[in-house]
Amino acid sequence: MSFILASGSPRRISLLKQVGYDFQVIVSHTDENFPDMLPAEEVPVYIARKKAAVVAEQQHDNHLPVLAADTVVILGQEIIGKPVSEEQAVAMLKKLSGKMHRVMTGVVLMHDQKVMTCTEETKVWFKELKTDEILYYVEHFQPYDKAGAYAIQEWIGLTGIIRIEGDYYNVMGLPVHKVMDMLQSLGIFPLYAERSASGSST
């Protein structure tokens with residue numbers, strides 16, 4: 001059995017393909033709004049559930065499981081979202097400079113009437129970033145689709161992050177080990193595992 005990834009994120013698509021999964025991609029065109037009083041730690045699962053529900057509702061006769069995820073950057077109790085301009089991206093990175101923030105990803109897997117969820121948290125520490133470093137990164141990498149205005153695997157991560165505590169791939173947008181557990185609970189395995197199983201049965 002395959003599944004649907006309700007995300008157009010190149011990072012999530014790449015991570016799942018690297019593991020060896022075969023899946024469809026259907027982008028969930030839904031807003032990422034959430035109630036003002038919702039605790040920051042609950043926001044990623046709330047948004048991921050919205051994404052999964054939209055795609056699941058479109059699958060009339062298709063009963064494939066739907067996987068969705070959302071990643072947020074939290075500084076204190078403030079959610080640092082995705083920048084919409086160069087000025088906003090620079091301001092976000094200046095906020096994160098020299099501090100520890102948390103990256104939280106919420107994952108939702110829907111299949112028929114069953115809904116599974118999980119959350120992963122990684123702590124990230126930036127060094128004191130110089131203004132010219134921030135300007136260089138924003139100008140050359142244009143991180144406007146990224147929570148917190150950065151990607152750990154890009155230049156700013158290589159030069160500016162001095163420590164992380166937790167799952168590296170969660171910061172990229174998907175806690176792969178937890179996603180694998182969720183998919184395997186539905187009998188969905190990477191291609192390598194399927195080949196191993198078929199080889200052992202002959």
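The values are calculated or read from the model by the stated rules, or taken from the named source; none is laboratory data. Given the structure is predicted, the values throughout are model-derived calculations rather than measurements. Note that each Cβ is placed from the backbone with ideal geometry, even for glycine, and that neighbours are counted across all protein chains shown. When the accessible area is computed, the model is the full protein with side chains, heavy atoms only, and any ligands, DNA or RNA have been set aside. Shrake-Rupley method; radii C 1.70, N 1.55, O 1.52, S 1.80 Å.
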Would you check if GLU86 is open to solvent by 50 Å² or more (accessible area, probe 1.4 Å), modelled with pLDDT of 95 or more and either touching a helix residue (DSSP H, G or I) at 6+ places or on another chain (Cβ under 9 Å) or under 19 Å from PRO175 (Cβ atoms) (or both)?
yes
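In this structure, is LEU174 farther than 29 Å from ALA6 by Cβ, hydrophobic (A, V, I, L, M, F, W, C) and either under 21 Å from the mean Cα position of the chain (by Cα) or surrounded by 13 or more Cβ atoms within 10 Å (Cβ to Cβ) (or both)? Show your work before the answer.
Numbers: farther than 29 Å from ALA6 by Cβ: no; hydrophobic (A, V, I, L, M, F, W, C): yes; either under 21 Å from the mean Cα position of the chain (by Cα) or surrounded by 13 or more Cβ atoms within 10 Å (Cβ to Cβ) (or both): yes.
In short, no.
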Taking the residues in region 22-34 that are of a type outside the set (D, E, K, R) and closer than 16 Å to ILE74 by Cα as candidates, determine which candidate is surrounded by the fewest Cβ atoms within 10 Å (Cβ to Cβ).
ASN33
Whichever residue in region 89-111 is of a type in the set (Gly, Ala, Ser) and buried (at least 23 other Cβ atoms within 10 Å of the Cβ) and, among such residues, is nearest to the chain's Cα centre (by Cα)
GLY106
Sort out which residues of region 43-82 are touching a strand residue (DSSP E or B) at 6+ places or on another chain (Cβ under 8 Å) and open to solvent by 60 Å² or more (accessible area, probe 1.4 Å), and write them in order of number.
TYR46, ARG49, HIS63
I'm told ASP145 meets every condition in (1) open to solvent by 10 Å² or more (accessible area, probe 1.4 Å); (2) at pLDDT 95 or above; (3) within 26 Å of GLN24 (Cα to Cα) except one. Can you identify the failing condition by its number?
(2)
Contacts under 9 angstrom Cβ, first residue in region 171-183 being within 16 Å of ASP22 (Cβ to Cβ), partner open to solvent by 40 Å² or more (accessible area, probe 1.4 Å) and assigned to a helix (DSSP H, G or I), 6 or more apart:
VAL176/GLN18; VAL176/TYR169
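Output the residues belonging to region 158-190 that are part of a helix (DSSP H, G or I) and touching a Phe, Trp or Tyr at 6+ places or on another chain (Cβ under 7 Å).
Going through region 158-190, the residues part of a helix (DSSP H, G or I) turn out to be 158-160, 168-172, 176-184.
Correct list: GLY160, VAL176, LEU183.
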Return the pair list, or none, for Cβ contacts closer than 6 Å from residues in region 12-38 that are free of Cβ contacts under 8 Å to residues at least 24 places away in the same chain to residues that are β-branched (Val, Ile, Thr), at least 6 apart or on different chains.
PHE34/VAL43
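With GLU165, GLU154, GLU120 as the choices, which residue is under 29 Å from SER85 (Cβ atoms) and either open to solvent by 10 Å² or more (accessible area, probe 1.4 Å) or touching a His at 6+ places or on another chain (Cβ under 9 Å) (or both)?
Sole residue among the options that is under 29 Å from SER85 (Cβ atoms) and either open to solvent by 10 Å² or more (accessible area, probe 1.4 Å) or touching a His at 6+ places or on another chain (Cβ under 9 Å) (or both): GLU154.
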